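For reference, the structure discussed in these notes is given below.
Quick note: the coordinates plus some simple rules give every number you see, no bench work behind them. Predicted model, so just to flag it, every value in this text is computed and none were measured. All Cβ positions, even for glycine, are placed from backbone atoms using ideal geometry, and neighbour counts span all protein chains on display.
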Amino acid sequence: MANAKNSPLTDEVFTRAPYWKDVPDEKWMDWRWQMSHRLNSVQDLSVIINLTDSERKALSAQGLFRVDITPYFASLMDADDPSCPVRKQIIPTAREMVSFESMMEDSLAEDKHSPVPGLVHRYPDRVLMLVTTQCASYCRYCTRSRIVGDPTQTFSRSEFDAQIEYIEQTPQIRDVLLSGGDPMVLAPKLLDMILSRLHAIPHVEIVRIGSRVPVFLPMRIDERFCEMVSKYHPLWINIHVNSPKEVTPELAAAADRLTRAGVPLGNQSVLLAGVNDSVRIQRKLVHELVKIRVRPYYLYQCDLVEGAGHFRTSISKGIEIMEGLRGHTSGYAVPTYVVDAPGGGGKIPLQPNYILSQGVDKVVLRNFEGFVTTYSEPRDYDADEIKTQEALIEPRPETGQDGIYGLLDGRRMFIEPQGFADVHARGGAEHRLRSGEQAQKWQPLGIGALEGDKLADGEEEKRQALADGEEKVGE
Ligand code: SF4
């Protein structure tokens, strides 16, 4: 295979299994031809690779997640080695039929957090818009295998309308992520229509697309496609590469076309046992990515999704990988390792602990080599100095989602689990010491409302008294 750095970044064919050697180049580089010649059965695949018994069994089983592989991507598989990282991602094995503790159909509770079908509004200022259930090829560990691959689950025109209407009517949304399935397999006109409608919404500042098409079907990223997306900047694309084997000259050329069209590229990979759960492999992967101008963005812990049990690693392995990346290579090449919270809490970033200890004005830190140092904190730091400038920027509402930052910001003093007050009332009747009239005694002074919020009765006076007291001390 040619070195991507020296490749001419044209439509030249580098990656093709011998089985397709007689297919004319124009056909091979036609994404429609690739889509209509995908492989999905024992019969199709046994002429390309030597299938194991486990692979044959899974390919013949009913009810497993859909199989479909583009000839281009199938050409990356090792025909004789079932441990090939590309093969493991797309060819099912009997291990998919093994259930495991905590496994779920919708492990991120996405459908539960959808105000309209296919639109997940989990974070304060952004939404995930599922626009199709179809992909160019299907990954065995897919988080959305409950709907992906099933054409009967795909979204209708009226559902797109409902998704877009929700975004139009929700001004707090500034960022829309298109996903699926894979938005880049949509009919070009349909994707164009969705992007143009989102682009027309004044409060939508950026649109992102999550896609594995540049990896499964790089020929889809043609001039017309790039011209179309360049109408809708700022548009960002995250691709999905898990193994250095997937970084081919064809992917390099597709990434080059997209970046020339002004699209910043990131990569999301999933930590997969037997595919990329190795510091050495992850280093190689991130280096190959930055060479083609793709910034490693997320490394996901594998979700608790049905069929993916055998791909899961321990979280300790993820931490070890981050230990082996941070400091050992450029910061640009280091992704954020995240667990997408089972039950729907969103992404939780994890990394090794670099803070060893803290005192009143000192923080003891360690670096990747184990060098231990001390950062002396300023004793005269004035965190209020910035307030005048800060006041020039309108705060963004995060209704009900100000979280831990809300504690630091003085919006609230504690976060209680649901039902906390009832549990602690122990079923007793309301009495003179805990009646509604007593509520003021649990209101911490100065906490609970910021500029623009309504203060509780009497709070304004208490704050004024507090401020007067502080001034006096200051004098
Ligand atoms: S490309 Fe994405 S949505 Fe499609 S099967 Fe793979 S992980 Fe799932």
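A few remarks follow.
- Full extension of the chain between Asp125 and His328 gives 69.7 nm of extra length, using 0.36 nm per residue less the Cα-Cα distance.
- Treating r as the C-beta distance of Leu356 and Arg411 and R0 as 30 Å, the FRET efficiency rounds to 0.45.
- Length gained when the stretch Arg396-Gln172 is fully extended (0.36 nm per residue, less Cα-Cα span): 79.9 nm
- The order of the peptides 401-413, 221-233, 301-313 by mean Cβ neighbours within 10 Å, most packed first, is 301-313, 221-233, 401-413.
- Above-threshold pairs, the threshold being 27 Å between Cα atoms, out of Lys88/Lys347; Lys284/Lys347; Lys189/Lys284: Lys189/Lys284
- Separation between Cα centres of the range 206-242 and the range 390-427, rounded to whole Å: 38
- Estimated distance in nm for a label pair at Val47 and Gln389, the labels positioned 7 Å out from Cα along Cα-to-Cβ: 6.6
- The distance between label points at Ser158 and Met104 comes to 3.0 nm (points 7 Å beyond Cα on the Cα→Cβ vector).
- Whole-number percent relative contact order across the chain, with pairs defined as alpha carbons under 8 Å at least 6 apart: 13
- The long axis of helix 459-474 is offset from the longest Cα principal axis of the chain by roughly 80 degrees.
- For Asn267, the amide hydrogen comes within under 5 Å of the amide hydrogens of Ile239, Arg295, Tyr297, Tyr298, counting only partners 5 or more places away or on other chains and with H modelled in the peptide plane.
- In terms of surrounding Cβ atoms within a 10 Å radius of their Cβ, Val131, Val116, Val42, Val338 rank from fewest to most as Val42, Val116, Val338, Val131.
- Helical mean residue ellipticity (222 nm; -39500 (n - 2.57) per DSSP H run of 4+; nearest 500) of the chain: -7500 deg cm²/dmol
- Its residue count N fixes a reference of 2.2 N^0.38 Å for the range 4-94, and the Cα radius of gyration divided by that reference is 1.16.
- Note on Val364, Val86, Val176: ascending count of other Cβ atoms within 10 Å places them as Val364, Val86, Val176, the fewest first.
- Full-stretch length increase - Glu377, Asp78 - with 0.36 nm per residue and alpha-carbon distance subtracted: 102.2 nm
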